[in-house]
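Peer 1: Got a structure for you, written out below as structure tokens; questions coming shortly.
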Amino acid sequence: ITICISEKFNDLSKNQIAKGIEYLDEKAEGLKFEYFYGAVYHEQADIYILKGEFETFEQLGEANLGSMSATQIRGRIVLKEDVFTQLVIRPVLVHELCHVIGLSHSKDTNSIMFPTFSTYTMSKQDIENLNKIYPDEIEKE
């Protein structure tokens, strides 16, 4: 799965976004993520991550699923970037990226898929749910 990260993020946010992608890559046994920076070729990527603003202070990100099939995932993730959100951009990115690849919200407050920010890591159930969708038989390159 290719991911394009907008160049408009500052270096700290770019670093945290990259770490979030790498973290999810470790947890998702059946998926392989590759990322690059720049808006010029974002249409060639499966997922585009860009900087945006929201009407409410509490909203930190959103995911828009373009399409999803057994062979292709297309989506867009918008993340808020300010002094506060730079501290939590990695788990917010992981949460939104999990939406794009098929996970829904969880009622478990220890889950990264809980609707409001509550944790920095994926729960055992998050990882199991992800690996049910993408079993490890899908070979990582």
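Peer 1: Kindly flag which residue pairs out of 19/132; 14/132; 51/132; 14/51 have an alpha-carbon separation exceeding 21 Å in this structure. Don't skip to the answer; put the middle values down first.
Peer 2: Details: 19/132 23 Å; 14/132 29 Å; 51/132 31 Å; 14/51 11 Å.
Pairs exceeding the cut-off: 19/132; 14/132; 51/132.
Peer 1: With labels modelled as points extended 7 Å from the Cα through the Cβ direction, what inter-label distance (nm, one decimal) is found for residue 128 paired with residue 18?
Peer 2: So the two model labels end up 3.5 nm from each other.
Peer 1: Once you have the Cα-Cα distance between residue 26 and residue 104, take 0.36 nm times their residue separation minus that, and quote the gain in nm to one decimal. Mind dumping the intermediate values first?
Peer 2: Values: separation 78, 0.36 × 78 = 28.08 nm, distance 1.97 nm.
Additional length available on full extension: 26.1 nm.
Each value in this text was obtained by applying a stated rule to the coordinates, not by laboratory testing. Keep in mind it's a predicted model, so treat the numbers as computed, not measured. Glycine also receives a Cβ, built like all others from the backbone with ideal geometry; neighbour counts cover every protein chain displayed.
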